[in-house]
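For reference, the structure discussed in these notes is given below.
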Amino acid sequence: MEGSQPAGTPNQPVGTPTGIRNQPAGTGTEGGNGKEILRVEHLVVEYGPRRRRVHAVSDVSFLMAEGETLGLVGESGSGKSTTGRAIAHVQPPTSGHVYFDGIDLGGLSTGRLRRARTQIQMVFQDPISSLNPRRRVRDIVAEPLAIWNTGTAAQRAQRAAAMLEAVGIDPVTVGQRRPQQLSGGQCQRVSIARALMLEPRLLVCDEPVSALDVSVQAQILNLLADLKEQHGFTMLFIAHDLAVVKSISDRVAVMYLGKLCELAPADTLYDAPLHPYTAALISSVPSPDPERGPRTPLAGRTAGMAGTGPVAAALANEVPSPLHPPSGCRFRTRCAYAATLCAREEPPMRQLAPDHFVACHFPLAH
Amino acid sequence: MGESRRPLGALFWVCLAFIVLVILAAALANFLPIPSPTAQDYAAINTGPSLHHLLGTDDLGRDLLSRIIFGARVSLVIGFGSIAIGLLIGGTLGLLAGFRGGATDAVINAGSFVILAFPPLLAIVVIVAFWGRSLWKLTLIIGIAAIPQLFRVIRASTMSYANRDFITAARAMGASTRRIIVRELLPNVAPSAISFALVGVAVVIVLEGSLAFLGLSVSLPTPSWGNIIFEGASNNNLQLNPFIALWPALAMFLLLTSLNIVGDRLREHFDVREGGL
Amino acid sequence: MRSRAGWTSSRTTRHLIFPPVDQALGPMLEVDGLRTSFRTPRGVVRAVDGVSLGLDRGRTLGIVGETGSGKTMLARSIMGLLPAGGRDRLGVERSGTVRFAGHDLTGLPPAQLRQVWGTQIAMVFQDPMTALNPVVRVGRQITESLRLRMGMGRSDAKETALALLSSVGIADPGRHLRSYPHELSGGMRQRVMIAIAIACGPRLLLADEPTTGLDVTIQAQILDLLADLQRERSMAMVLVTHDLGVVAGRADETAVMYAGRIVEQAATAELFAHPLMPYSQALLAAIPRLADAAGTRPKPIPGRPPDLASLAPGCRFAPRCPYARERCREADPPLVEAGSGHRFACWYPLSLEDADTPASDLGDSQGEA
């Protein structure tokens, strides 16, 4: 725990929202207004029996400002989804705190937690699994209001219809269908409509577009950006696709094996990554730009070839098991710059530039 | 695209009609123009089918049609009654264990193993021998014996839905456990549970027949399908008048087939097809 | 340490004679007018509708398309590996010709086709977990085809399997030979799948979404591995994917599929720089790019692909196309060649100037319902 203490006191975790990047007008992703809405402190999520304990999230701290979109990227097993689920309290944290609007969600009674977490809603990856196959679309969307007994049935149906309209679903024809009669994109629209019915202030999107085709993916990304503008909610956008995250996020956090590696405004993170893992991840993305020509091979077997940087070569190995994370810095087994210090001591989260936080003993120079 | 449900088909309706017919006949037996199942017609003993006795009579001159209709009461009450008990208790526990998982699941599961550990037929034989064999006692005992089977099927089915995202979404919206079980899980689990339960009814009706052979079904002279076959097959009656055993066996066969087909078609009909062209 | 001879010794099979790679004349693969349709309760679904293409040895053809474009079915139709009838599929019909190294595969009886599979044409599937047998050790899954197809002895096959595993970049191959598929990570399983596919030295590899579902860092490794193996063995490869980024760096040529047809095909760089068909252009504009500034919105394609069971006349992309005119809705544009091998199917191809300014008027996000 000592090695992972973030800069500042526990009450002042990393990712202070001051100076959140202002977006050029009209891009749709307005930065936050600077008021803190979510504070995650030393979040730890572990599960499984003692022998096969999965360390899914290990001491993650960050802060979100009201109105911003924070992107959370990482490979499978990085703990990014678990972090999102722990924030929405659908998976209880093992330790640590999630403060929403200043209130520690972990300290609430069951009844008050039920009410409080309606302010945090989720959109999931799998369009099929997200919706109850036995219910009709209009009932699925009206369900959140039914749970809280808001208004009469007719009023609920009316509000559900309006919300369906807002996400681009015809409430009359499509509204009476069941999920299996919908396309993947339509299912995600319904999921988004349902999530917004309770007017949440934080929307946790867990890989909302990764199961969709590219043309539909763009539709959903733009829909989320539009809705965010209209409703003014804050968004935690979890995805493995770096380009998708960049297109929608104000700030981006990178996770690796349950740890936060780097957190910075989106453009800064992609243009000048400080953590070797972030750099390697970015260089692994196949570019759809032909002028760049065929990429230079970068896997370990061809390491050392001309034009192959050490950063890229590093990712030849596979991600270690979250059952037995490496000592010290968790990325050291795949890192080209790893030194003895990295195995011995866990790098603390440090602020190297305004808004730019990195957990690395030897951050990259630019 | 329309509702992509598999049509039930004509056979389903024939089978369902037969089940309904048997149930109606058993329920309204007192009002039907048939003789009492225990009334003896000394003019007609061990006769084959005739105008007077449509299915013939047994060695005591009792009308077989009447005995089969009244016997259906016992078979149906034991069959449907015990499965209803099993479904109510086992199903509720299965939904709860499948949804909650963890310690709840472990405790209920252990309980089900305790009941499973007794060989069901032997357990029933012992209990009936000591406790008596009235209709409701038999129903209750068989119902308890059916709990673990139904529990396991419903628990497994529930578990396959419990980790789906729509359940997580319902929790995030603040839905109570009861609401999630009733509104989200039950509609998904019910089709396969009902299908399995109908097969269960068929199994129990056969079980009643087996118990009758051991002399452990409802006390004579109350007719049950098992009792009638048992009586018909004993005392060399089978050679004198095979109809006594044939009719109830045929009734049992048709009912079991119908229950199986109805259960199977219902499950297919409500099977949500995910994906596909 | 690679027993290379083992993979290449038996170039001939009992019934079909395939000329050695370097003596083969003409293209390795020629597909002409290939059609595959399914009879379903809703009508005939034309999954592959008249596809023609050619592929030379050692070359890579990328096939990109969205769900339902028929790209996977095309790969399977080329191989002759079509799904049997199911609940929704009352029947499968395939017509057209697939010529492989001069032999027409479409007319071959199943027994001869099985000789071609594995030894001449091999396939890498998207999901190695379902493509590998979960209860059989990795070693046996590799040696099985070596012994069966190549007639190798037990020890030869094992030695070759070890060499294969190390050639696909698996460290400690001796240990992994004894592993079960579930004991391996996703990337490792895909490597094993590739090892099985190349075991008998096929000359054509059909890779169907070989990296979908893998992390980007692993994806890069697998794609590099495929490229290396291809170079070493002068294998031809058909790379089927939905990810334009994957074909951009890897395929010599790229074909874009839409609603069962190839709508555009060109050298990859040419296609990406100057798409002539509006769908290709729209597809390129729809993907978020790392090179764009944060907050740059991708441009969605309004609407949905057509229902393959009830196709309207005219161009299949017309209902979603911002440039569609009357003619597009009336007549189906044929696939024509614009020179230098650039083929496209469009009545009003984009001019070069248009191609540089991505369609800004491609609709809003509300178009799908």
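Summary table below
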| quantity | calculated |
| --- | --- |
| Breaking point among (1) over 19 Å from the mean Cα position of the chain (by Cα); (2) more than 9 Å from chain B (Cβ to nearest Cβ); (3) buried (at least 17 other Cβ atoms within 10 Å of the Cβ); (4) at pLDDT 90 or above, for residue A:194 | (2) |
| Some residue of segment A:141-150 being within 30 Å of residue A:74 (Cβ to Cβ) and assigned by TED's automatic domain parsing to the domain that holds residue A:234 | yes |
| So residue B:93, is it in a helix (DSSP H, G or I) and in contact (Cβ under 8 Å) with a residue 40 or more places away in the chain | yes |
| Selection status of residue A:232, surrounded by fewer than 21 Cβ atoms within 10 Å (Cβ to Cβ), on the phi > 0 side of the Ramachandran plot and not basic (Lys, Arg) | yes |
| Checklist (1) at pLDDT 95 or above; (2) within 11 Å of another protein chain (Cβ to nearest Cβ) applied to residue A:125, failing item | (1) |
| Selection count, segment B:140-187, where residues are in contact (Cβ under 8 Å) with a residue 40 or more places away in the chain and of a type in the set (S, T, N, Q) | 4 |
| Which numbered condition residue A:237 fails, given (1) within 14 Å of chain C (Cβ to nearest Cβ); (2) modelled with pLDDT under 95; (3) crowded, with 23+ Cβ neighbours inside 10 Å; (4) in contact with a strand residue (DSSP E or B) (Cβ under 7 Å, 6 or more places away or on another chain) | (2) |
| Segment A:197-228 - residue that is more than 9 Å from chain C (Cβ to nearest Cβ) and in contact with an Asp or Glu (Cβ under 7 Å, 6 or more places away or on another chain) and, of those, surrounded by the fewest Cβ atoms within 10 Å (Cβ to Cβ) | A:210 |
| Scan of segment B:117-139 for residues that are β-branched (Val, Ile, Thr) and without any contact (Cβ under 8 Å) to a residue 12 or more places away in the chain, ordered by number | B:126 |
| Scope segment B:189-247; condition touching an Asp or Glu at 6+ places or on another chain (Cβ under 8 Å), surrounded by fewer than 16 Cβ atoms within 10 Å (Cβ to Cβ) and of a type in the set (Ser, Thr, Tyr); matching residues | none |
| Members of segment C:225-247 found to be facing another protein chain (nearest Cβ under 10 Å) and either among the basic types (Lys, Arg) or more than 19 Å from residue C:126 (Cβ to Cβ) (or both), listed by number | C:228 |
| Residue in segment A:83-99 that is surrounded by fewer than 18 Cβ atoms within 10 Å (Cβ to Cβ) and under 22 Å from residue A:196 (Cα atoms) present | no |
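Results for (1) within 8 Å of chain A (Cβ to nearest Cβ); (2) small (Gly, Ala, Ser), shown as yes or no for each residue.
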{"site": "C:249", "(1), (2)": "yes, yes"}
{"site": "C:256", "(1), (2)": "no, no"}
{"site": "C:264", "(1), (2)": "no, no"}
{"site": "C:275", "(1), (2)": "no, no"}
{"site": "C:286", "(1), (2)": "yes, yes"}
{"site": "C:289", "(1), (2)": "yes, no"}
{"site": "C:317", "(1), (2)": "no, no"}
{"site": "C:321", "(1), (2)": "no, no"}
{"site": "C:336", "(1), (2)": "no, no"}
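The values are calculated or read from the model by the stated rules, or taken from the named source; none is laboratory data. Just so it is clear, the model here is predicted, and its values are computed rather than measured. Cβ: placed from backbone, ideal geometry, glycine included. Neighbour counts: every protein chain shown.
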